[in-house]
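What follows is a short report on a single structure.
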Amino acid sequence: MPFETEVTKVIQRTPNVKSVRFEKPWGFSYLAGQYVVLTLSDSSNQMKKPFTLSSSPTEDFLEITKKLTGHPFSNALAELRPGSQVSINGPYGEFTFQTECNECNNIGMLSGGIGITPLRSMIKYSIDKNLSANIILLYSNSDESDMAFRDELENVQRENSNIKVIDTITSASIPN
């Protein structure tokens with residue numbers, strides 16, 4: 001289902017990763033881990049791209065997070081400012097956080113780079129709903145400066161004993 005919305009905030013997460021927050025349209029509901037198709041328009045054409053929502057359904061906004069790659073869509077996204085109008089279609093996807101199952105008390109999550117977005121949504125949802133699930137996240141990046149949501153994930157595990165985040169860096173130099 002298409003929804004029109006507007007940008008409320010742009011957050012620089014890392015030197016090459018931005019989050020864009022949108023007003024949550026009336027009637028829009030989704031599950032942690034789902035995605036939307038974002039449509040951006042410029043003077044000459046429309047561009048569409050799917051994005052997992054990095055926001056949780058418990059938050060009063062929608063948020064997507066993207067690594068900026070220099071691609072035309074990426075450049076158009078980087079130009080968005082508060083007040084910019086966009087169209088979203090969705091939600092879609094079945095990679096969601098299930099809270100009504102007996103096997104959901106111990107959860108292992110594995111992510112590399114910007115693939116953290118659905119997992120951030122699920123972790124935030126779990127915290128906001130005070131779920132008792134034990135979550136271990138293994139989060140790999142090529143460099144420490146690439147770690148989107150790093151401060152938030154560090155705070156989450158300090159404040160919630162049910163959540164453990166293990167970071168790995170793949171390009172770290174080996175000391176002599």
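None of the figures in this text is laboratory data; all of them are computed from the coordinates on show. This one's a predicted model, so the numbers in the text were calculated from it and none came from an experiment. Please note: Cβ atoms are built from the backbone with ideal geometry, for glycine as well, and neighbour counts cover all protein chains shown.
Place +1 on the Cβ of every Lys and Arg and -1 on the Cβ of every Asp and Glu in the chain, take the dipole about the Cα centre, and give the residue among T170, F28, Q85 whose Cα lies farthest towards its positive end.
It is Q85.
Give, in nm to one decimal, the length gained when the segment between E152 and K129 is fully stretched (0.36 nm per residue of separation minus the Cα-Cα distance).
So the extension gain works out to 6.6 nm.
Once fully extended, how much extra length lies between K48 and S29, figured as 0.36 nm per residue of separation less the alpha-carbon to alpha-carbon distance?
Numbers: separation 19, 0.36 × 19 = 6.84 nm, distance 2.05 nm.
Net length gain for the segment: 4.8 nm.
Determine the dipole magnitude for the chain: charges of +1 sit on the beta-carbon of Lys and Arg, -1 on that of Asp and Glu, nothing else is charged, the reference point is the Cα centre, and the result goes in debye to the nearest 20.
Values: 16 positive and 20 negative charges, 46 e Å.
Dipole magnitude for the chain comes out near 220 debye.
Roughly how many debye, to the nearest 20, is the charge dipole of the range 102-169 about its Cα centre, given +1 on each Lys and Arg Cβ, -1 on each Asp and Glu Cβ, and no other charges?
260
Which shape class, rounded, prolate or oblate, goes with the chain when its Cα gyration tensor gives a ≥ b ≥ c as root eigenvalues, a/c under 1.5 marks rounded, and past that a/b bigger than b/c marks prolate?
Working: a/c = 2.18, a/b = 1.25, b/c = 1.74.
Oblate, because a/c is 1.5 or more while a/b does not exceed b/c.
Remind me, relative contact order of the range 48-155 in percent, using alpha carbon pairs under 8 angstrom and six or more residues apart? Don't skip to the end; give the middle numbers.
On the way: 100 pairs, mean separation 32.0, N = 108.
Taking the mean separation of contacting Cα pairs over the length of the range 48-155, I get 30 percent.
Assuming R0 = 41 Å, can you tell me the calculated FRET efficiency for the pair Q85 and I169, based on Cβ-Cβ distance, to the nearest 0.05? Write out the running numbers ahead of the final one.
Numbers: r = 39 Å, r/R0 = 0.94.
So the FRET efficiency works out to roughly 0.60.
Helix-only mean residue ellipticity at 222 nm, the chain, DSSP H runs n ≥ 4 weighted -39,500 (n - 2.57), per residue, nearest 500. What is it?
-5000 deg cm²/dmol
Taking the Cα centre as origin and putting +1 on Lys and Arg beta-carbons and -1 on Asp and Glu beta-carbons, what dipole magnitude results for the range 2-92, to the nearest 20 debye?
On the way: 10 positive and 8 negative charges, 69 e Å.
Rounded to the nearest 20 debye, it is 340 debye.
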